[in-house]
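Please read the structure below before turning to the comments.
The values are calculated or read from the model by the stated rules, or taken from the named source; none is laboratory data. From a predicted model like this one, the values you see are computed outputs, not experimental measurements. Note that we place each Cβ from the backbone using ideal geometry, even for glycine, and neighbour counts take in every protein chain shown.
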Amino acid sequence: MAAIRRKEAGACRFGDQVGRRNGKGREMMETIQWSKDLSVGIAKIDEQHSKLIQIMGELDEAIRKDEAADMLEDILTNLFNYAQSHFATEEELLRKHKYPEMALHELEHQRFIAKAFAFKERLHSKRPGLALELLTFLSSWVLNHIELTDKRYTKHLHGCGVQ
Ligand SMILES: [Fe+2]
């Protein structure tokens, strides 16, 4: 699993729940926690990214307490609010400083929104594994978008004097 490989590489700090099972016998995943390894070197963006980690922590806790079915709608609403606000900030910054990989970056953001909508549409199904599926998707987003795609703009923005 990519997340575990990243842990071994020391790329970011995880909780110690790897392989644990909750009361329903479902396989649990590790919890991603905010650390400097996730920093993109831009204070405002880091602050917003830590908000996503916070939402993931709430989702993780709800799953462990078996309360996800009741909380998933509110968590998804928070996720949409986060995504709209954060993507707008990031895209405005990248556009303003003429980031050359802007189009690809925006495309990844659009795919995130589309995926989040798909989760929202499936809420009514009350599918037991939906919350864990969402957490897996968000963990993958942190590892593939924040740690890879986002970090690619750091050098460009620092060169433009953005800290
Ligand atoms: Fe981004």
- Message: Within segment 76-95, take every residue that is among the acidic types (D, E) and surrounded by 15 or more Cβ atoms within 10 Å (Cβ to Cβ) and give me the one that is nearest to the ligand (Cβ to nearest atom).
- Response: E90
- Options K115, K51: the member that is free of Cβ contacts under 8 Å to residues at least 40 places away in the same chain, of a type in the set (K, R) and closer than 19 Å to T31 by Cα: K51
- Within segment 96-127, residues being among the aromatic types (F, W, Y) and within 14 Å of the ligand (Cβ to nearest atom) number 2
- Query: Can you tell which of D74, D60, D66, D150 is acidic (D, E) and in a loop (DSSP other than H, G, I, E, B)?
  - Reply: D66
- Item | In segment 128-163, residue farthest from the ligand (Cβ to nearest atom) [restricted to those that are among the small types (G, A, S) and surrounded by fewer than 18 Cβ atoms within 10 Å (Cβ to Cβ)] | G129
- Which one of I53, I45 is in contact with a strand residue (DSSP E or B) (Cβ under 8 Å, 6 or more places away or on another chain), of a type in the set (A, V, I, L, M), surrounded by 15 or more Cβ atoms within 10 Å (Cβ to Cβ) and assigned to a helix (DSSP H, G or I)? I53
- Message: Where the second residue is buried (at least 17 other Cβ atoms within 10 Å of the Cβ) and not in a helix (DSSP H, G or I) and the first is modelled with pLDDT of 95 or more and lies in segment 71-87, which pairs have Cβ atoms under 7 Å and are six or more apart or on separate chains?
- Response: none
